[in-house]
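Data first, discussion second: the structure below is written as C-alpha coordinates.
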Amino acid sequence: VPNMTTAKLSALGFCGADDTVNPRHLALIAHKYPHVEWGILFRPDKEGLPRYATKAWIERLCHILNTAEDGNKIKLAAHLCGSYVNELLTSSTDSLSASSIDEFLTQLYKWGFRRVQVNATAVNGVYTEKLADDSTIQSFLRSTRAHPKLTFIVQKNEETHPLWNGLLKQEEPLLENVVFLHDESKGTGKVTGGWPTDEKFVATSKRIVGFAGGIKPANVQSVLEATHKACSASGGNEFWIDMESGVRTTVLRVDEDGNEVKDDIFDLDKCYRCIDTVCEAGFMNHPPELR
(Lines give C-alpha, C1' and ligand atoms only; values in the text may rest on other atoms or scores of the structure.)
Protein backbone atom coordinates (compact mmCIF):
# COMPACT_ATOMS: atom_id res chain seq x y z
CA VAL A 1 0.00 0.00 0.00
CA PRO A 2 1.51 3.36 -0.99
CA ASN A 3 2.21 5.78 1.80
CA MET A 4 -1.05 7.69 2.41
CA THR A 5 0.46 11.13 2.11
CA THR A 6 -1.88 14.06 2.08
CA ALA A 7 -2.16 15.13 -1.52
CA LYS A 8 -2.48 18.84 -2.25
CA LEU A 9 -4.84 20.43 -4.74
CA SER A 10 -2.67 21.98 -7.46
CA ALA A 11 -5.42 23.44 -9.66
CA LEU A 12 -9.16 23.94 -9.88
CA GLY A 13 -9.96 23.78 -13.58
CA PHE A 14 -12.89 25.45 -15.30
CA CYS A 15 -12.96 24.54 -18.98
CA GLY A 16 -14.91 26.05 -21.86
CA ALA A 17 -14.42 29.74 -21.14
CA ASP A 18 -15.68 31.48 -24.26
CA ASP A 19 -16.94 34.75 -25.72
CA THR A 20 -19.93 34.75 -23.32
CA VAL A 21 -17.64 36.08 -20.55
CA ASN A 22 -15.45 39.14 -20.28
CA PRO A 23 -11.77 38.13 -20.25
CA ARG A 24 -11.08 40.72 -17.53
CA HIS A 25 -13.51 38.90 -15.29
CA LEU A 26 -11.40 35.74 -15.67
CA ALA A 27 -8.26 37.74 -14.86
CA LEU A 28 -9.88 39.22 -11.72
CA ILE A 29 -10.83 35.81 -10.37
CA ALA A 30 -7.49 34.21 -11.24
CA HIS A 31 -5.51 37.00 -9.56
CA LYS A 32 -7.44 36.45 -6.34
CA TYR A 33 -7.40 32.64 -6.59
CA PRO A 34 -4.10 31.43 -8.05
CA HIS A 35 -5.31 27.80 -7.97
CA VAL A 36 -7.91 28.52 -10.64
CA GLU A 37 -6.97 27.26 -14.10
CA TRP A 38 -9.00 28.50 -17.06
CA GLY A 39 -9.37 25.87 -19.76
CA ILE A 40 -9.84 27.05 -23.34
CA LEU A 41 -11.11 24.53 -25.91
CA PHE A 42 -9.46 24.65 -29.33
CA ARG A 43 -11.25 23.07 -32.27
CA PRO A 44 -11.12 25.01 -35.57
CA ASP A 45 -14.41 23.71 -37.01
CA LYS A 46 -16.31 24.93 -33.92
CA GLU A 47 -14.60 28.24 -33.19
CA GLY A 48 -17.13 30.83 -31.99
CA LEU A 49 -19.73 28.29 -30.90
CA PRO A 50 -20.55 27.84 -27.19
CA ARG A 51 -17.50 26.44 -25.32
CA TYR A 52 -15.19 27.37 -28.21
CA ALA A 53 -13.78 30.88 -27.89
CA THR A 54 -12.94 32.95 -30.95
CA LYS A 55 -9.31 33.74 -31.69
CA ALA A 56 -10.02 37.45 -31.13
CA TRP A 57 -11.38 36.71 -27.63
CA ILE A 58 -8.36 34.52 -26.79
CA GLU A 59 -6.02 37.29 -27.93
CA ARG A 60 -7.87 39.78 -25.70
CA LEU A 61 -7.60 37.40 -22.74
CA CYS A 62 -3.91 36.78 -23.29
CA HIS A 63 -3.17 40.46 -23.77
CA ILE A 64 -4.84 41.21 -20.41
CA LEU A 65 -3.00 38.40 -18.66
CA ASN A 66 0.36 39.28 -20.19
CA THR A 67 0.14 42.95 -19.25
CA ALA A 68 -0.52 42.09 -15.61
CA GLU A 69 2.64 42.21 -13.51
CA ASP A 70 2.15 38.67 -12.23
CA GLY A 71 0.46 37.62 -15.44
CA ASN A 72 2.58 34.54 -15.83
CA LYS A 73 1.12 33.20 -12.58
CA ILE A 74 -2.36 32.86 -14.08
CA LYS A 75 -3.02 29.26 -15.00
CA LEU A 76 -4.18 28.67 -18.57
CA ALA A 77 -4.75 25.26 -20.12
CA ALA A 78 -5.39 24.68 -23.81
CA HIS A 79 -7.70 21.72 -24.38
CA LEU A 80 -6.99 20.51 -27.91
CA CYS A 81 -9.66 18.82 -30.02
CA GLY A 82 -10.26 18.05 -33.68
CA SER A 83 -7.57 18.80 -36.25
CA TYR A 84 -5.07 20.01 -33.64
CA VAL A 85 -5.01 16.54 -32.08
CA ASN A 86 -4.94 14.85 -35.49
CA GLU A 87 -1.88 16.94 -36.39
CA LEU A 88 -0.15 16.29 -33.08
CA LEU A 89 -0.70 12.53 -33.39
CA THR A 90 0.64 12.33 -36.96
CA SER A 91 3.58 14.70 -36.44
CA SER A 92 6.26 11.99 -36.51
CA THR A 93 5.29 10.80 -40.01
CA ASP A 94 3.88 13.95 -41.64
CA SER A 95 6.14 16.98 -41.83
CA LEU A 96 3.24 19.33 -42.62
CA SER A 97 1.43 18.17 -39.47
CA ALA A 98 4.61 18.65 -37.47
CA SER A 99 5.28 22.20 -38.66
CA SER A 100 1.62 23.16 -38.20
CA ILE A 101 1.24 21.79 -34.65
CA ASP A 102 4.67 23.08 -33.60
CA GLU A 103 3.74 26.58 -34.74
CA PHE A 104 0.46 26.36 -32.83
CA LEU A 105 2.06 25.02 -29.62
CA THR A 106 4.69 27.78 -29.80
CA GLN A 107 1.87 30.33 -30.15
CA LEU A 108 0.08 28.85 -27.12
CA TYR A 109 3.20 29.28 -25.01
CA LYS A 110 3.55 32.90 -26.19
CA TRP A 111 -0.08 33.51 -25.26
CA GLY A 112 0.64 32.30 -21.72
CA PHE A 113 -0.63 28.72 -21.81
CA ARG A 114 1.47 26.29 -19.78
CA ARG A 115 -0.62 23.12 -19.99
CA VAL A 116 -2.03 21.38 -23.08
CA GLN A 117 -4.68 18.71 -22.77
CA VAL A 118 -4.94 16.24 -25.65
CA ASN A 119 -8.55 15.07 -26.09
CA ALA A 120 -8.04 12.13 -28.44
CA THR A 121 -11.68 11.01 -28.68
CA ALA A 122 -14.24 10.74 -31.47
CA VAL A 123 -16.69 13.05 -29.67
CA ASN A 124 -13.93 15.68 -29.82
CA GLY A 125 -13.57 15.30 -33.60
CA VAL A 126 -10.44 13.16 -33.58
CA TYR A 127 -9.65 10.21 -35.87
CA THR A 128 -9.20 7.47 -33.30
CA GLU A 129 -8.69 4.48 -35.62
CA LYS A 130 -4.89 4.68 -35.35
CA LEU A 131 -4.45 5.49 -31.67
CA ALA A 132 -2.66 2.17 -31.11
CA ASP A 133 -0.18 2.65 -33.96
CA ASP A 134 3.43 3.08 -32.93
CA SER A 135 3.63 6.17 -35.16
CA THR A 136 0.84 7.77 -33.08
CA ILE A 137 2.70 7.12 -29.82
CA GLN A 138 5.96 8.38 -31.36
CA SER A 139 4.19 11.51 -32.62
CA PHE A 140 2.90 12.26 -29.14
CA LEU A 141 6.36 11.74 -27.64
CA ARG A 142 7.95 13.87 -30.40
CA SER A 143 5.62 16.75 -29.51
CA THR A 144 6.38 16.53 -25.78
CA ARG A 145 10.12 16.53 -26.51
CA ALA A 146 9.81 19.47 -28.92
CA HIS A 147 7.94 21.59 -26.34
CA PRO A 148 9.55 20.91 -22.95
CA LYS A 149 8.14 24.09 -21.37
CA LEU A 150 4.56 22.88 -21.89
CA THR A 151 2.96 20.15 -19.80
CA PHE A 152 0.93 17.68 -21.86
CA ILE A 153 -2.19 16.18 -20.27
CA VAL A 154 -3.34 12.82 -21.61
CA GLN A 155 -7.12 12.48 -21.29
CA LYS A 156 -7.36 8.93 -19.98
CA ASN A 157 -10.51 6.88 -20.56
CA GLU A 158 -11.59 3.62 -22.16
CA GLU A 159 -11.57 5.12 -25.66
CA THR A 160 -8.03 6.53 -25.35
CA HIS A 161 -6.68 3.26 -23.89
CA PRO A 162 -4.49 2.52 -26.97
CA LEU A 163 -2.75 5.89 -26.58
CA TRP A 164 -2.08 5.95 -22.84
CA ASN A 165 -1.32 2.25 -22.70
CA GLY A 166 1.17 2.72 -25.55
CA LEU A 167 2.82 5.61 -23.70
CA LEU A 168 3.12 3.63 -20.46
CA LYS A 169 4.60 0.66 -22.32
CA GLN A 170 7.57 2.63 -23.66
CA GLU A 171 10.93 1.38 -22.43
CA GLU A 172 12.08 4.92 -21.74
CA PRO A 173 10.35 6.49 -18.73
CA LEU A 174 7.89 9.23 -19.71
CA LEU A 175 9.17 12.78 -19.76
CA GLU A 176 8.41 15.02 -16.80
CA ASN A 177 6.00 17.06 -18.93
CA VAL A 178 3.49 14.23 -19.47
CA VAL A 179 0.64 13.84 -16.95
CA PHE A 180 -2.65 11.95 -16.90
CA LEU A 181 -6.26 13.02 -16.37
CA HIS A 182 -8.82 10.39 -15.42
CA ASP A 183 -11.88 11.43 -17.43
CA GLU A 184 -14.46 8.94 -18.64
CA SER A 185 -16.98 11.69 -19.44
CA LYS A 186 -14.94 13.25 -22.32
CA GLY A 187 -16.50 16.64 -21.70
CA THR A 188 -20.08 15.35 -21.74
CA GLY A 189 -20.71 15.86 -18.01
CA LYS A 190 -21.35 12.19 -17.30
CA VAL A 191 -20.73 11.40 -13.63
CA THR A 192 -18.06 8.81 -13.00
CA GLY A 193 -18.61 5.60 -11.05
CA GLY A 194 -15.38 5.78 -9.01
CA TRP A 195 -12.03 7.53 -9.11
CA PRO A 196 -9.05 5.35 -10.14
CA THR A 197 -6.18 4.80 -7.69
CA ASP A 198 -3.71 3.11 -10.05
CA GLU A 199 -0.20 4.29 -9.23
CA LYS A 200 1.07 3.96 -12.80
CA PHE A 201 -0.70 7.23 -13.67
CA VAL A 202 1.41 9.20 -11.18
CA ALA A 203 4.61 7.83 -12.70
CA THR A 204 6.80 10.91 -13.17
CA SER A 205 8.60 12.47 -10.23
CA LYS A 206 6.01 15.26 -10.14
CA ARG A 207 3.54 12.65 -8.83
CA ILE A 208 0.51 14.60 -10.02
CA VAL A 209 -2.77 13.35 -11.47
CA GLY A 210 -6.05 14.92 -12.59
CA PHE A 211 -9.72 13.98 -12.28
CA ALA A 212 -12.71 15.08 -14.36
CA GLY A 213 -16.21 13.89 -15.20
CA GLY A 214 -19.57 15.21 -14.06
CA ILE A 215 -18.15 17.68 -11.53
CA LYS A 216 -20.40 20.64 -10.70
CA PRO A 217 -21.17 22.98 -7.76
CA ALA A 218 -23.61 20.50 -6.22
CA ASN A 219 -21.08 17.67 -5.93
CA VAL A 220 -17.69 19.42 -5.91
CA GLN A 221 -17.23 18.88 -2.17
CA SER A 222 -17.78 15.12 -2.27
CA VAL A 223 -15.68 14.87 -5.44
CA LEU A 224 -12.84 16.77 -3.76
CA GLU A 225 -12.84 14.41 -0.80
CA ALA A 226 -12.97 11.33 -3.04
CA THR A 227 -10.30 12.50 -5.51
CA HIS A 228 -8.04 13.63 -2.67
CA LYS A 229 -8.29 10.10 -1.26
CA ALA A 230 -7.77 8.51 -4.68
CA CYS A 231 -4.68 10.61 -5.38
CA SER A 232 -3.18 9.82 -1.96
CA ALA A 233 -3.99 6.12 -2.36
CA SER A 234 -2.15 6.04 -5.70
CA GLY A 235 0.93 7.61 -4.13
CA GLY A 236 0.35 11.01 -5.70
CA ASN A 237 1.48 14.29 -4.13
CA GLU A 238 -0.77 16.65 -6.06
CA PHE A 239 -4.04 16.48 -7.94
CA TRP A 240 -6.30 18.75 -9.91
CA ILE A 241 -9.96 18.57 -10.81
CA ASP A 242 -11.52 19.92 -13.96
CA MET A 243 -15.10 20.61 -15.03
CA GLU A 244 -16.77 21.72 -18.24
CA SER A 245 -20.51 20.92 -18.54
CA GLY A 246 -20.94 21.60 -14.81
CA VAL A 247 -20.20 25.32 -15.21
CA ARG A 248 -22.53 26.00 -18.15
CA THR A 249 -26.03 27.45 -18.01
CA THR A 250 -28.76 27.91 -20.61
CA VAL A 251 -30.20 31.42 -20.43
CA LEU A 252 -33.49 32.40 -22.06
CA ARG A 253 -33.72 35.88 -23.54
CA VAL A 254 -35.98 37.72 -25.94
CA ASP A 255 -34.36 39.17 -29.06
CA GLU A 256 -35.31 42.43 -30.89
CA ASP A 257 -38.09 40.66 -32.81
CA GLY A 258 -39.66 39.24 -29.68
CA ASN A 259 -38.43 35.68 -30.24
CA GLU A 260 -37.19 33.57 -27.37
CA VAL A 261 -33.53 32.68 -27.78
CA LYS A 262 -31.54 30.21 -25.71
CA ASP A 263 -27.94 31.17 -24.93
CA ASP A 264 -25.49 28.55 -23.68
CA ILE A 265 -23.11 30.48 -21.41
CA PHE A 266 -19.96 29.86 -19.39
CA ASP A 267 -21.36 30.56 -15.93
CA LEU A 268 -18.94 32.42 -13.66
CA ASP A 269 -21.40 32.21 -10.79
CA LYS A 270 -21.19 28.41 -10.94
CA CYS A 271 -17.40 28.70 -11.03
CA TYR A 272 -17.50 30.90 -7.97
CA ARG A 273 -19.80 28.54 -6.11
CA CYS A 274 -17.16 25.86 -6.67
CA ILE A 275 -14.42 28.23 -5.45
CA ASP A 276 -16.44 28.93 -2.27
CA THR A 277 -16.89 25.21 -1.61
CA VAL A 278 -13.22 24.38 -2.26
CA CYS A 279 -12.16 27.16 0.13
CA GLU A 280 -14.62 25.98 2.79
CA ALA A 281 -13.20 22.46 2.42
CA GLY A 282 -9.72 23.87 3.15
CA PHE A 283 -8.08 23.05 -0.21
CA MET A 284 -7.49 26.71 -1.09
CA ASN A 285 -8.05 30.09 0.53
CA HIS A 286 -10.06 33.23 -0.08
CA PRO A 287 -7.82 36.29 -0.22
CA PRO A 288 -7.90 38.23 3.10
CA GLU A 289 -10.18 40.98 1.74
CA LEU A 290 -12.88 38.45 0.74
CA ARG A 291 -12.99 36.37 3.91
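The table below lists the values:
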quantity: Of the trypsin sites (Lys or Arg not before Pro) in segment 165-223, those whose Cβ has at most 16 other Cβ within 10 Å and which sit in DSSP loop; calculated: LYS169, LYS190, LYS206
quantity: Computed accessible area, VAL123, all protein chains, 1.4 angstrom probe, square angstrom; calculated: 80
quantity: Estimated FRET transfer efficiency when R0 is 22 angstrom, pair LEU175-TYR109 (beta carbons, to 0.05); calculated: 0.85
quantity: For segment 75-192, Kirkwood radius (reciprocal of mean inverse C-alpha pair distance, Å); calculated: 14.2
quantity: Length released on extending from ASP263 to ASN165, taking residue separation times 0.36 nm less the Cα-Cα span; calculated: 31.3 nm
quantity: Cα centroid of segment 99-130 to Cα centroid of segment 45-97, whole Å; calculated: 8
quantity: Amide proton proximity set for VAL178, modelled H, under 5 Å, gap of 5+; calculated: PHE152
quantity: Per residue accessible area in Å² of segment 127-174, where ligands, DNA and RNA are left out and the probe is 1.4 Å; calculated: 53
quantity: Gain in span if fully extended, LYS46 to THR249, counting 0.36 nm per residue against the direct Cα distance; calculated: 71.2 nm
quantity: Surface accessible to a 1.4 Å probe, GLU199 within the full protein complex, Å²; calculated: 110
quantity: Projected area, mean over directions - the chain, Cα convex hull, nm²; calculated: 16.4
quantity: SER99-LYS55 FRET efficiency (beta carbon distance; Förster radius 22 Å; 0.05 resolution); calculated: 0.70
quantity: Helix-derived mean residue ellipticity, 222 nm - over the chain, DSSP H n ≥ 4, -39500 (n - 2.57), to 500; calculated: -10000 deg cm²/dmol
quantity: Solvent accessible area, Å² - ARG60, 1.4 Å probe, full protein context; calculated: 110
quantity: Positive-pole candidate from ASN22, LEU9, ILE241, dipole of the chain, charges at beta carbon; calculated: LEU9
quantity: Inter-label distance, nm, simple model (7 Å from Cα along the C-beta direction), ASP198/LEU28; calculated: 4.3
quantity: Vicinal HN-Hα couplings computed from phi for segment 115-126 (Karplus, 6.51 cos²θ - 1.76 cosθ + 1.60; Hz; Gly/Pro x); calculated: 10, 10, 9, 9, 9, 8, 10, 4, 4, 9, x, 10
quantity: VAL123 versus VAL191: modelled label distance in nm, points set 7 Å from Cα along the beta carbon direction; calculated: 1.6
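The values are calculated or read from the model by the stated rules, or taken from the named source; none is laboratory data. Fair warning: this is a prediction, and the values are worked out from it, not measured in the lab. Heads up, the Cβs are rebuilt from the backbone with ideal geometry, glycines too, and the neighbour counts pull from every protein chain shown. Areas reflect the complete protein model, heavy atoms only, side chains present, ligands, DNA and RNA absent. Shrake-Rupley method; radii C 1.70, N 1.55, O 1.52, S 1.80 Å.
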